[in-house]
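We did not get these values from a lab; they are worked out from the coordinates using the rules stated. If you're wondering where the values come from, they're calculated on a predicted model, not measured in any experiment. Here Cβ is always computed from backbone atoms with ideal geometry, including for glycine, and neighbour counts include all displayed protein chains.
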Amino acid sequence: MRLFEATHVFKHDWDTVSLANWRKYPNDKTPHVRHVEVINQELDETTGILRMERLIMVKQNVPTLIRKLFGGDVSYVLEYSEVDPKQRTLTMQSQNLTFGNLLSVGEHIVYKPDPENVKHTVFVQSAQVKAAGAMSRFASRVEDFCVNRFKDNASIGRMGLEQQAQTMLLAA
Amino acid sequence: MDSIGDECTPLKHEYDACFNKWYSEKFLNGDSTNECLAVFKKYQACVKKVLQDKGLTKMITDARPAIGSTFGDDQEAK
């Protein structure tokens, strides 16, 4: 099992970042994210909390060997989010649906205002990668490969969000 | 961005546009009326059928506990 953790401060307020989070796909930095489907949503009128469930379809550009080993290059991720507009907090959790018999990737993300500067937003991301089943024999190598891939995608994802925030601010 | 099911794409675009506007102009300002509910229900019904056809429904159900999702298979949107 490998754990990946990262913290980043966006130099935009939480309102801007939280909206950019919903609007960040499609963008040219993440062509592997092909579809983002909202499958459930619920607004709690008492607490004001918004709950969202999304299904994300990813098509990775992977070597033929990996594609054959995994039986395809299309994978699905389920994501659950809660947005508390009063506390200004957005939390997201996700889990891979496909290839779960080989590999489990769970991710947890929080966006909240920076306590040191309310015009900035703190982004805390953690992911847990665990090889399973037939992959267990090669656990450390498979997990290292995935964590590295995750790091690359995480940094690209942050760039995508930053780009979306800039676009929104220019349009405002 | 298109929907997983081509037939749902127009509804998805309508919903996405509604959501973005509502989220920034109403929701973040404390208005807890879900203005996009009607279009969401239509979009959701369309996607639900596509997910069933693709055999994804059970995988989604099974993954919910791991991500703390409070949703169920036949939950009505609010």
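Of the residues making up the range A:1-51, those that are among the aliphatic types (A, V, I, L, M) and either under 16 Å from A:Leu161 (Cα atoms) or out of contact with any Leu (no Cβ under 9 Å at 6 or more places or on another chain) (or both) number 9. Among the residues of the range A:53-76, those identified as under 20 Å from the mean Cα position of the chain (by Cα) and either part of a loop (DSSP other than H, G, I, E, B) or within 9 Å of another protein chain (Cβ to nearest Cβ) (or both) are A:Glu53, A:Leu55, A:Met57, A:Gln60, A:Asn61, A:Val62, A:Asp73, A:Tyr76. Identify all residues within the range A:1-33 that are under 16 Å from A:Ile156 (Cα atoms) and part of a strand (DSSP E or B); write none if there are none. Hits for the range A:1-33 are A:Phe4, A:Glu5, A:Ala6, A:Thr7, A:His8, A:Val9, A:Phe10, A:Val33. Return yes when B:Phe71 is assigned to a helix (DSSP H, G or I), buried (at least 18 other Cβ atoms within 10 Å of the Cβ) and touching a helix residue (DSSP H, G or I) at 6+ places or on another chain (Cβ under 8 Å) and no when it is not. No. The residue that is farthest from A:Gly106 (Cα to Cα), counting only those in the range A:14-44 that are more than 10 Å from every other protein chain (Cβ to nearest Cβ) and touching a strand residue (DSSP E or B) at 6+ places or on another chain (Cβ under 6 Å), is A:Val17. Residues in the range A:57-73 include at least one that is surrounded by 14 or more Cβ atoms within 10 Å (Cβ to Cβ), more than 23 Å from A:Lys29 (Cα to Cα) and not aliphatic (A, V, I, L, M). Apart from one condition, B:Ile4 fits all of (1) more than 7 Å from chain A (Cβ to nearest Cβ); (2) within 27 Å of A:Asn96 (Cβ to Cβ); (3) outside any helix (DSSP H, G or I); the exception is (1).
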